[in-house]
Each structure stands twice: as C-alpha cells, then as structure tokens.
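Written below as structure tokens is the structure these notes are about.
Please treat every number below as a calculation from the coordinates, not as lab data. Computed from a predicted model, the values in this text were never measured in an experiment. Quick reminder, even Gly has a Cβ in these numbers, built from the backbone with ideal geometry, and neighbours come from all protein chains shown.
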Amino acid sequence: MNTNIVTVFDQIAKDNSTRVAYDEMGKQTSYGELKANSDSLAAWLTKQNMTRQSPILVFGDHQVEMITSFLAALKAGHPYIPVSTDSAIPRIQSILDTAKPELIIAVDDFPSDNLNFDARVIPNEQLTNVLADHQEFTPTDPVSGDELAYVLFTSGTTGSPKGVEVSHDNFKTFVDWVLDSDFNIPEHANFLGQPPYSFDLSNMYWLPALLNGGTIKALPHSVVENFGQMFTALPTLDLNVFVGTPSFADMLMLSPAFNEEKMPSLSIFMFCGEELTVKTAKALHQRFPHARIFNTYGPTETTVAISGIEITPEIIANNDRLPVGYAKPGVELSIWDGDKQLTEPGQQGEIIISGNSVARGYMNNPEKTAKAFFKINGVPAYRTGDAGTLDVDG
C-alpha cells in the first residue's frame, strides 16, 4: 500500500479535477488547478540545477501556494521547510544557518534585508509567473522511501530550534493511518486548516485531506487573531473534521455558535500537540453530543502522532487525566527508566517510541541526534523525554 505520495495525489487530482481542494475564506482552488500548478512549479524547479534532496524553504501563511510549493518540491525530488510569516528574525536566521537551503519560495515577502544567507529567493511575483506558465510534468524521480520529505523546525523552547528530518515513508505511513478505519473519516471530507504549516500538527490535515479527495478550509493567521471574524466564519465552513489543539477548541467554545445545532456536519475532532483535559473533552461532548473525539499523541520527531484513542463519555467519567491511546501500526511504545525497559504495567518512566514513524534525526546536528535517537533490535527509536505509563492492555 505504501505507494508514493505524489503518485497518489496526482491520481486523486485527476479523478476529482473539478472538486475544490483548497478554500481560503472563499478563494477556491480545484484539484485540477492544484495539480497543474504544482506540475508547473515542479517543472521549473527541475531546471534550476539544484542538488537533489537539497531543501527548499517555503515562507508564508495559509495561502494555497504553500501547498502547491510542498507538492512541487516533492515532485522535483526536494524536501520542503515550512516557515511562517510571523516567525521572529532570529528563528529564521537559525533555520537558514542549519538547513542552508538553495532556494527560498517567498509566498509572502521574505525579510531578506535582515538576514544573512546565500539562497536564491523566488518572490511572489515570480512565483505567480511560474505558475501561470503552464508546464506539463510527469514526476520521474520524486522524493520516495527513506529520502527526506520535509524538515520541520521545533519551537526552540530550549535552545535554538532543531530541524527534524522526516522521510517520505514516515509521512506516508502516518497519512495511511489517519485515513484508515481507526478514525473513519468520510471520503471528500472538509478539514479545518488552522494550524500553521510550520507547526507539525498541520500535517494531520493538509495531506490527509488531499489524499482523501477532501477540501482544506484554511483559516489565515489574521482571521484567527480576530475573534469576531473567526466566530462568524466558522459556522459557514461546513466542516466535517476539526484538527487542532485543545487550547484552540477552548478558544472556539467562547463562541455560543460553536455547537452541533449551528455546525451539524462537524463529526470528528482530532487533537494533538497538547494535553486534552477532561474539562475540555466534557465541554465538547456537551456542545457536539454526536461527534467523535480523538486524543492523539506524538512528538515532531516521530511524525505528528503515533497513538490515538476515541474519548468516550465513559473514558471521561472514569479518568482524572485522559489516555493518549494505543500505538498505531508499525510503532511500539515502551516505558524506560534510564537505559532499562520497565515491563510491569502501570510503572511510570520515559516514553520510548520505536518503529516506522521515527524520523531520521536532527538536520546537521549529529550530537543532538545521538542523544535522542537510537535503535532497539535494529529498529529506529526515539527518547521522548515525556513521562508516562502503559496499562495492562497497552
């Protein structure tokens, strides 16, 4: 089943050419247009004489050109690095110093004057011209297997941000799981696209939506910052799937219109990135009594999320803190005390993740990679630094 992301997307785009793939506050892009634009950009990229697998930095907010650039990079054999427009200059500089991209696609104006770097910048005006110059493109050598698909820089809360290297197969196995029977997402679903692309959580909506033949309903940063605008917009989006953090859901519950009566199509909530509290889950169940609420867990270093569970009213009633679920296929979860695995159920220790979701390491940082990444019986593993317990049924 593990075919290439690009091949699967192109086929879905052909089968759904007139269906809306991306909708940013009414600005719509069909699957046919998204494929054509990503093909044109990929064709242009292959003529730029870049080293294969050299990363391409993509700078912007929630514009469709962000997704177009990600797909084009993958088609042309390059990983992408998403960087948000509102990133601080020292953070951008740190990313440039670590990743040394050969090319920067500036969907929004790139603050070149305040930064030191050698990369070539493609400003929005040039990008618009490249996309308008329609080029046929058949991906003959797209990113695949263990090659890098994207590099996502952590928040850098402790020291400078680290670039997590996620492979094509890491990403594809994650998306296959999201679209599998565990979550039962209906085909052609409308996904809320609020987390910025520089935040790992965005990978839970953008590629799953496109490989589901669905529509990404993008909420730009400016709308999220304006509560009145956001609360007015949400009930009009006809959402089926909410992807976000618990704190964002708490924010939305400040609006009386965030409920099943006003948003009857919203049937699946997928949480990651923060602890989902009993209080938030209980309030959501009251607002959306027929919706399914999933709690998932996973560090950026293990490709978005590696465990999940549906949070039922019974689970809410019987727990002070909610479980983060069962390991996804291809992943083993274990609890360790230092270098010793704890085998008794209920013992607290460090959560260790091993399997096909574990990233390759930190970009150009062998020291930090060696500290966090290792192997268990030849299988890649990651030390999360998170405390947890495994119960009797895993």
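Of L71, L103, L254, the residue with the greatest mean-square motion in the GNM of the chain, using alpha carbon springs below 10 Å, is L254. Pairwise Cα separations in the chain fall into 10 Å bins from 0 onward with the following percentages, short to long: 5, 23, 33, 26, 11, 2, 0. Sorting the Cα pairs of the stretch 200-239 by distance into bins of 10 Å, from 0 upward, gives 27, 46, 26, 1 percent per bin.
Multiplying the residue separation of E310 and A370 by 0.36 nm and removing their Cα-Cα distance gives an extension gain of 18.1 nm. Could you compute the FRET efficiency for V278 and E332, with r as their C-beta to C-beta distance and R0 at 35 Å, rounded to 0.05? Plugging the Cβ-Cβ distance into 1/(1 + (r/R0)^6) gives 0.80. Annotation: amide H-H contacts under 5 Å for Y150 (H modelled 1.01 Å from N, sequence separation of 5 or more, or interchain): Y80, V166.
Just check the stretch 214-280 against the gyration tensor rule for me: Cα atoms, a ≥ b ≥ c as the square roots of the eigenvalues, rounded for a/c under 1.5, and otherwise prolate or oblate depending on whether a/b exceeds b/c. Walk me through the numbers on the way to the answer.
Numbers: a/c = 1.30, a/b = 1.18, b/c = 1.10.
Rounded is the answer for the stretch 214-280, as its axis ratio a/c remains below 1.5.
From the alpha carbon centroid of the stretch 335-360 to that of the stretch 279-295 is 30 Å.
Within the listed set G228, G244, G273, the residue fluctuating most in the Gaussian network model of the chain (springs between alpha-carbon atoms under 10 angstrom) is G228. In the chain, the calculated helix contribution to ellipticity at 222 nm averages -8500 deg cm²/dmol per residue, counting -39,500 (n - 2.57) for every DSSP H run with n ≥ 4. When the alpha carbon coordinates of the stretch 238-357 are projected onto the principal axes, the ranges are 51, 29, 21 Å, largest first. Rounded to the nearest 0.05, what FRET efficiency do Q347 and L254 have when you use their Cβ-Cβ distance and R0 = 41 Å? Once the sixth-power term is evaluated, E becomes 0.55.
Derived from the Cα gyration tensor, the three semi-axes of the equivalent ellipsoid of the stretch 330-388 are 21, 13, 9 Å, largest first. Using R0 = 41 Å, the C-beta based FRET efficiency linking S265 and S112 works out to 0.45.
For D146 and Q286, calculate 0.36 nm times their separation in residues minus their Cα-Cα distance, and state this gained length in nm to one decimal.
Details: separation 140, 0.36 × 140 = 50.40 nm, distance 4.38 nm.
Full extension from D146 to Q286 adds 46.0 nm.
Please state the relative contact order of the chain as a whole percent: Cα pairs under 8 Å, 6+ residues apart?
About 13 percent, as a whole number.
Counted over the chain, the DSSP beta bridges are approximately 55% antiparallel. Springs join every pair of Cα atoms under 10 Å in this Gaussian network model of the chain, and among A233, A291, A73 the largest mean-square fluctuation is at A233. Cα-based values for the stretch 1-152, radius of gyration first and Dmax second, are 15.1, 46 Å.
With the radius of gyration and the Kirkwood radius both derived from the Cα set of the stretch 94-224, what is their ratio Rg to Rh?
Working: Rg = 17.1 Å, Rh = 17.4 Å.
Rounded to two decimals, Rg/Rh equals 0.98.
Expressed to the nearest 5 percent, the antiparallel share of DSSP beta bridges inside the stretch 181-327 is 30 percent. Packing-based ranking of 48-55, 32-39 yields 32-39, 48-55, ordered from highest to lowest mean Cβ neighbour count within 10 Å.
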